[in-house]
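J.: Below is a structure I'd like to ask you about.
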Amino acid sequence: MNSRRFAPAWVPLLFGLMSLTNVLTRPSLQAIRAVDEVQLIATGMCFGAALVGFGYFLGDRKEAR
């Protein structure tokens, strides 16, 4: 198993989790601001990038067999 190809998928996942916990722990979430909306969009993009990277890893793994 080539762990080098899988490592980049963890980077956006890590940033997405950090950003999500940052937004969800703010008391100002009830009165959401534009900055919070942009951060939530960026969090979704990070999770999407991690999902695509994970899918690419699984597809690569099937071809290696």
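The values are calculated or read from the model by the stated rules, or taken from the named source; none is laboratory data. In this text the structure is predicted, and so the values were computed from the model without any measurement. Glycine gets a Cβ as well: all are built from the backbone with ideal geometry, and neighbour counts include every protein chain shown.
J.: Which of the residues spanning segment 4-33 are in a helix (DSSP H, G or I), more than 19 Å from VAL52 (Cα to Cα) and modelled with pLDDT under 85?
T.: Of everything in segment 4-33, those that are in a helix (DSSP H, G or I), more than 19 Å from VAL52 (Cα to Cα) and modelled with pLDDT under 85 turn out to be ASN22, VAL23, LEU24, PRO27, SER28, LEU29.
J.: Taking ILE41 as the residue in question, decide whether it is modelled with pLDDT of 80 or more and either surrounded by 11 or more Cβ atoms within 10 Å (Cβ to Cβ) or over 9 Å from the mean Cα position of the chain (by Cα) (or both).
T.: Here the answer is yes, as ILE41 does meet what is asked.
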